[in-house]
Amino acid sequence: MLTIERIEALFASHGTEWYGGESISQTAHALQCAQLAEQAGEPDALVVAALLHDIGHLMLAESTTTDMRHQEAAADALAALFGEDVTEPVRLHVAAKRYLCAVDRSYFDTLSPASVQSLALQGGPYDAARAEAFAASAHADAAVRLRRYDDLAKVVDMATPPLAHYLAIAARCARAPL
Ligand code: FE
């Protein structure tokens, strides 16, 4: 089960790993994504979702040939600690990519080669019916906003606040202990 301390330990033990096929670390990607959400004036819950959207990659042994469904593992593990305003944008951030590829032709062209490769493993762009169903689902808007921060959070050597800054926001968002 995840706690704030366990999240901190995951970043400490696995955060220096490369973020997919990109040229930055998992921790740098998470901090940039959180910073983009914070600078956009998002609610704390979405800043926390941005920080933790790929925590599943830190929890799972990775494969380049199988989709490990890191979004589901992360959302389920985070549910002990956070409400749906954190867990569901995390769960839906891959669906949001499949949705955006279906409804916005220019979006696909912005994806990095690594993201195009993972899109294929994740099932490719939605068809019209699935895109419509996604758009109508709860938390779809927040998931799409998170997706856009995610796609931008790949800048080499971008300055960000430290992890502790965002863990403090996460601690504020966490449920009271039962
Ligand atoms: Fe990501």
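The values are calculated or read from the model by the stated rules, or taken from the named source; none is laboratory data. Nothing here was measured: the structure is a model prediction, and the numbers come from that model. Using ideal geometry, Cβ is built from the backbone for each residue, glycine included, and neighbour counts are taken over all protein chains shown. For accessibility, only protein heavy atoms count, side chains too; no ligands or nucleic acids. Shrake-Rupley method; radii C 1.70, N 1.55, O 1.52, S 1.80 Å.
General remarks:
- Between E72 and I4, residue separation times 0.36 nm minus the direct Cα-Cα distance comes to 22.6 nm.
- Charge tally in the Cβ shell below 10 Å around A79, where Lys, Arg are +1 and Asp, Glu are -1, A79 excluded: -1
- The chain - mean residue ellipticity at 222 nm from DSSP helices (-39,500 (n - 2.57) per run, n ≥ 4, rounded to 500): -18500 deg cm²/dmol
- Options S106, F11, L51, ranked by Cα towards positive dipole end of the chain, top entry (Cβ charges): S106
- Taking all protein chains into account, the per residue accessible area for the chain stands at 49 Å² (1.4 Å probe).
- Computed magnitude of the charge dipole of the stretch 93-134 (debye, nearest 20; Cβ of K, R +1, Cβ of D, E -1): 80 debye
- The charge dipole of the stretch 84-178, taken about its Cα centre with unit charges on the Cβ of Lys, Arg, Asp and Glu (plus for the first two, minus for the last two), comes to roughly 140 debye.
- The stretch 4-173 - charge dipole about Cα centre, Lys and Arg +1 at Cβ, Asp and Glu -1, debye rounded to 20: 180 debye
- Kirkwood Rh, angstrom, the chain [1 / mean 1/r, Cα pairs]: 16.2 Å
- Under 13 Å, Cβ to Cβ, from R175 - net charge with Lys/Arg +1 and Asp/Glu -1: -1
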